Amino acid sequence: QVQLVESGGGLVQPGGSLRLSCVVSGGLFPINAMGWYRQAPGKQRELVASITTIGGRTNYADSVKGRFTISRDTFKTASLQMNSLKPEDTAVYYCNAVIAGGNYWGRGTQVTVSS
């Protein structure tokens, strides 16, 4: 059974940094791509960043370009380095993995940007 576990969320002041990590375990491989999504209260879940396994192609939401960086640290892990955080980045962040054509999700980690 595929499981995704996120870590690294928390409370940070505006302008600060956080690093989110995601580990995939169990289930089917290969992992075709991994990504991070976020959902703020009252809003739809949106893509933050994604990265493919083959070629390492990345894709970022316009709102985070130049501030966030996604990386694949190992075959089963992905990280999201978030710099220059803004209050509007406050949301629950979810890790996503595309495995054999299926979408798998973690339970999410809260990121709160507030002074």
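The values are calculated or read from the model by the stated rules, or taken from the named source; none is laboratory data. Predicted model, so just to flag it, every value in this text is computed and none were measured. Because the Cβ atoms are built from the backbone with ideal geometry, glycine has one as well, and the counts that use them run over all protein chains shown. Heavy atoms of the whole protein, side chains included, go into the accessibility calculation; ligands, DNA and RNA do not. Shrake-Rupley method; radii C 1.70, N 1.55, O 1.52, S 1.80 Å.
For the chain, the carbon plus sulfur part of the accessible surface works out to 50%, probe radius 1.4 Å. Between residue 25 and residue 3, the simple label model (points 7 Å from Cα in the Cβ direction) yields a spacing of 0.5 nm.
So the label point goes 7 Å from the Cα of residue 81 along Cα→C-beta, right? Which residues of the stretch 22-42 then have their backbone N under 19 Å from it? Under 19 Å, as judged by backbone N against the label point of residue 81, lie 22-23, 34-37 of the stretch 22-42.
With only the Cα atoms considered, the chain has a convex hull volume of 92 Å³ per residue. Accessible surface calculations at 1.4 Å, restricted to protein heavy atoms, place the chain at 53 Å² per residue.
A simple rule links phi to the HN-Hα coupling: the Karplus curve 6.51 cos²θ - 1.76 cosθ + 1.60 with θ = phi - 60°, which for the stretch 52-62 gives 7, 6, 8, x, x, 6, 10, 9, 10, 5, 4 Hz, with x for Gly and Pro.
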